[in-house]
1. How far, in degrees from 0 to 90, does helix 291-301 lean away from the longest principal axis of the Cα atoms of the chain, to the nearest 10?
2. Need one word for the range 42-128: rounded, prolate or oblate. Basis is the Cα gyration tensor (sqrt eigenvalues a ≥ b ≥ c); a/c below 1.5 gives rounded, then a/b vs b/c decides.
3. What trypsin sites (Lys or Arg not before Pro) does the range 334-412 have in DSSP loop regions with at most 14 other beta carbons within 10 Å?
4. Provide the net charge surrounding Glu284, with neighbours chosen by a C-beta distance below 12 Å and charges set as Lys +1, Arg +1, Asp -1, Glu -1.
5. Roughly how tilted is helix 73-82, in degrees to the nearest 10 and between 0 and 90, from the longest Cα axis of the chain?
6. Just the Cα atoms of the range 341-463, one point each, no solvent: what log10 I(q)/I(0) does Debye give at q = 0.10 Å⁻¹?
7. For the chain, would you read off the P(r) tail past 38 Å as a percentage of all alpha carbon pairs?
8. Among DSSP beta bridges lying fully in the chain, give the percent that are antiparallel, nearest 5.
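Each value in this text was obtained by applying a stated rule to the coordinates, not by laboratory testing. Bear in mind that the values here come from a model prediction, so they are computed numbers and not experimental data. Every residue, glycine among them, receives a Cβ derived from its backbone with ideal geometry; neighbour counts consider all protein chains shown.
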Amino acid sequence: MKYFLSAVFFFSLSLTYTQKVKPVLPLPTKEQLAWHEKEFYLFVHFGPNTFTDKEWGDGKEDPSVFNPTHIDCDQWARIAKQAGAKGIILTAKHHDGFCLWPSKQSTHTVRESKWMDGKGDVVKMLAEACKKNGIEMGVYISPWDRNHPKYGTPEYNDVYIASMKELLTGYGKFFELWWDGANGEGPNGKKQVYDFNRFQDSALKWQPQLVIFSDIGPHIRWCGNENGTISNTNWNLLDTAGFKRGHGAPPTDTLNRGNVNGRNWIPAEADVSIRPGWFYHAKEDDKVKSPETLFQLYLRSVGNGGNFLLNVPPDRTGRFNAADSAALIGFRKIREAAFAKDLLTNAKISSNGGNASALSRLTDNHVETYWASSRKENTTIEFELPKTETINTVVIEEMISLGQRVSDFTIELLGDRGYEKVFTGTTIGRKKIAVFPLFRTKKIRLTLVNAKAEPVLRSVKAYFSARGTM
Ligand code: FUL
């Protein structure tokens, strides 16, 4: 009998667990889903510019300028880990063409520098440090190369692919490959016609799990600005037919919001530097963003359903500067305090959207479980807290493995004069962090006003955080 009952229990569990839901296309790949879960990771701009005080080197710099005195990639990875970042994307090659590894395709590399008598390899050092600290690594390989003599000729495409091959086959797995759209002139005064299709096919042949970033994907899109902010309305979908990288890309506003009925799943990544510049400049030591500013950027990137790529440039010693490290740790502390205690854990939940027995899936803290509404419009979900609480933050997640659906929602809180609307939102997607003025309440009503199909939510959480809105 006992076994029978537990069998019934598990059968009904799996029924609610696997509510039959028709996916809304397009869907993310499993690599994209894994990328969404990363939320926040670091960018590291490092190279000759660090030593010449430039943002864009011209490729004519003497390689011996690259000479960090105390390089410590383990410190980068350790601080990244302590800050809660899930990985580091390194400028293996920036526009100056200087390779941070001893590439056979170039004579402008660490090998030609005085650093470690030309025997150093920053890519290798960082790959080992990331592995040791349990975070992942990605590479930015600038297609624009202001040093390579072949730039501007068809052969440069072969050179680019050969350099990619060295990186993608020599240093273990990377999680992301980063391409910007810059296409300026090379040392011969010529512009290159990049063979991006061949670049892409080759990269995926060597590392099929890679997600590739550029302004139009194929896997991850630029969010259209370098301020680290994504629009409140953010579809993970984009139409790319007829568009090109760089100048031929869709308007930045479209990149920021995505296309509601876009044909491809290409979510937004928000890149920004912790300082005004991408590379280290001593004169910017007092311009490092504060932990509070970083948190506000997190709310406007991850909190609008995208990922947050935060650049932290090592200084001339080859270490993160103390000011940057302190800001990163402060940022972590604010996040921890803001999301310390989910006040919905023991809430009573009801809805007009059916499937009452599965509603607890919304607060069960399991990433694979979800609740699907039976109605396309005006689903209301009410959460009754065990006692009156002060709250100012609600975090909602859609089950994006089944497609992105919700286009309009509201949050109301029960006060002395009945329900009061505290937040009007549009899309949810991977995550929406809704922040509003402090409010004492015992009941929260979430209304999914409109959606492309019956909404499917992964979770709803509520918090009190002593932080204001931007
Ligand atoms: C841009 C580059 O031109 C900047 O120098 C920087 O690397 C930024 C992240 O991407 O395309």
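1. 70 degrees
2. Prolate, since a/c reaches 1.5 and a/b exceeds b/c.
3. Lys341
4. Once all neighbours under 12 Å are counted, the net charge is -2.
5. For helix 73-82, the angle is close to 10 degrees.
6. -0.25
7. Value for the chain: 29 percent of Cα pairs lie more than 38 Å apart.
8. Taking every DSSP beta bridge with both residues in the chain, the antiparallel ones total about 60 percent.
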